[in-house]
Amino acid sequence: MSLNDPNWGRGGSRGPGGGNQGPPDLDELWRNFNRRLNDLFGRRRGGGGPEQPPRMPSGARMGGGAGLIAGIVLAVWLASGFYIVVEGQRGIVLTFGKFAEETGSGLRWRLPWPIQTNEIVNLAQVRTLEVGYRNTVKTKVLKESLMLTDDENIVDLQFAVQYLIKDARDWSFMNRRPEDTAMQAAETAMREIIGKSRMDEILYESREAIAIKARQLMQQILDRYKTGVQVSTITIQNAQPPEQVQAAFDDAVKAGQDRERQKNEGQAYANDVIPRARGAASRLAQEADGYRQRVIASAEGDASRFKQVLAEYSKAPAVTRERIYIETMQQILSTTSKIMLDYKGGGNLLYLPLDKLMQQGGAAGLNDGAAAQRSPSPEPAAAPESAQRSREALRGRERGER
């Protein structure tokens, strides 16, 4: 149907049940509204007759209309006092601008404006403060980030503070700008902790401990100011020397790393040398102890043998003296390779080449061993006749002396 159709919006066709299937007629609604207003103020049309002149409304009708309007206005005004507090929030009700009460979550009602007003404070929202930077650590605020350390150095430090609101009344009424107060308290606490710390501790050693101390100090300051803030965490985002002296600090860091590396190498060398030295010392101590025990045992054995010889000597001195002499000469001559003999009958000396004889005997023994390896039935080698005669002469000489 076209919009220019005069029957558009007037009811259209009716169905079998007699219901109006089209949209409502706006012109008819407007006429009904005007008719009701005319009836309210005493202006009516005759039923099909000519239009009657207007007449003044009666007092009862005027009073009823005003009362109805006043009731509607009153209902709307009273309904404006309803408000909703979501879970995790608190409602603050003010009576003529003064604190009246604190309400919990749910549908609440207060006296409408201008008698009472309400404010909603979110206690579950985690709020963040950025000190020394904005949005990213590259966007530095040097007025906030540059701090003086205990060893008279300057550090460029950026940190973030996360906090919650624990008391809605203190947050709303005890401080004029609570967020600025929290910001200043965070900066004050961090500057105090940094002023009591050394540069190396801030840059490399104790960042976490510094953040914990700053959080505790910041909480004490905020509680003293009654801001209603509960500090959750303080996170140090970046800590470094100022850009003007960054190269010097890098050199110092490299020197410190070289020092640690050399210390580790020295410790590794010590760990290698000291155990070996201790092992050698323990071995020498054990060898010395073994030598001591051997010497003591040998001395005790010699003393025991001497006592036994002394007992035999007391029984037969001559025999014992001769036996001792023979044993002593045997020990002495067993270590020499040449012997000179002097015959009593003449001045000629007999030279016995015992070293040559021993070498010949050793060579003969080696030849016999080789022959034994080559032949299954070896024959003993005959001693030289000269050596045999020398041995017989020596035995005869010994018999003659006895």
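The values are calculated or read from the model by the stated rules, or taken from the named source; none is laboratory data. If you're wondering where the values come from, they're calculated on a predicted model, not measured in any experiment. Backbone-built Cβ (ideal geometry, glycine too); neighbour counts: all protein chains shown. Quick note on the areas: whole protein, heavy atoms, side chains included, nothing else; ligands and nucleic acids left out. Shrake-Rupley method; radii C 1.70, N 1.55, O 1.52, S 1.80 Å.
Below, the figures for the structure above:
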item: Counted residues, the stretch 78-99 - those being open to solvent by 50 Å² or more (accessible area, probe 1.4 Å) and not in a loop (DSSP other than H, G, I, E, B); result: 7
item: Some residue of the stretch 331-351 being among the acidic types (D, E) and modelled with pLDDT under 80; result: yes
item: Subset of the stretch 279-309 [hydroxyl-bearing (S, T, Y) and under 27 Å from E322 (Cβ atoms)]; result: S298, S304
item: Tally, over the stretch 220-237, of residues that are more than 23 Å from the chain's Cα centre (by Cα) and either open to solvent by less than 20 Å² (accessible area, probe 1.4 Å) or of a type outside the set (D, E, K, R) (or both); result: 9
item: Condition met for Q237 (closer than 22 Å to T139 by Cβ and assigned to a helix (DSSP H, G or I)); result: no
item: Long-range neighbours under 8 Å by Cβ, at least six apart or interchain, first residue open to solvent by less than 70 Å² (accessible area, probe 1.4 Å) within the stretch 288-314, second in a helix (DSSP H, G or I); result: V309/T320; V309/I324
item: Residues satisfying the stated conditions in the stretch 143-159, i.e. without any contact (Cβ under 8 Å) to a residue 40 or more places away in the chain and open to solvent by 10 Å² or more (accessible area, probe 1.4 Å); result: K143, E152
item: Failed item in (1) at pLDDT 85 or above; (2) outside any strand (DSSP E or B), with Y204 passing the rest; result: (1)
item: Scan of the stretch 144-167 for residues that are in contact with a Gly (Cβ under 9 Å, 6 or more places away or on another chain) and over 30 Å from R90 (Cα atoms), ordered by number; result: E144, S145, L146, M147, L148, T149, D150, D156, L157, Q158
item: The stretch 186-219 - residue that is touching a residue at least 24 places away in the same chain (Cβ under 8 Å) and among the polar types (S, T, N, Q) and, of those, most open to solvent (accessible area, probe 1.4 Å); result: T188
item: Only listed residue being modelled with pLDDT of 90 or more and either surrounded by 10 or more Cβ atoms within 10 Å (Cβ to Cβ) or of a type outside the set (D, E, K, R) (or both), chosen from A248, A252, A281; result: A281
item: Evaluation of V126 against (1) within 16 Å of G228 (Cα to Cα); (2) surrounded by 14 or more Cβ atoms within 10 Å (Cβ to Cβ) (one fails), failing number; result: (2)
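Table: residues versus (1) closer than 26 Å to V137 by Cα; (2) touching a helix residue (DSSP H, G or I) at 6+ places or on another chain (Cβ under 6 Å); (3) in a helix (DSSP H, G or I); (4) of a type in the set (S, T, Y).
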residue	(1), (2), (3), (4)
Y163	yes, no, no, yes
A182	yes, no, yes, no
E192	yes, no, yes, no
I212	yes, no, yes, no
R215	yes, no, yes, no
D223	no, no, yes, no
V231	yes, yes, no, no
Q246	yes, no, yes, no
N271	no, no, yes, no
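Okay, residues lined up against (1) at pLDDT 80 or above; (2) among the hydrophobic types (A, V, I, L, M, F, W, C); (3) touching a Gly at 6+ places or on another chain (Cβ under 7 Å); (4) surrounded by 14 or more Cβ atoms within 10 Å (Cβ to Cβ):
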position: R14; (1), (2), (3), (4): no, no, no, no
position: F41; (1), (2), (3), (4): no, yes, no, yes
position: P54; (1), (2), (3), (4): no, no, no, no
position: A60; (1), (2), (3), (4): no, yes, no, no
position: I69; (1), (2), (3), (4): yes, yes, no, no
position: L74; (1), (2), (3), (4): yes, yes, no, no
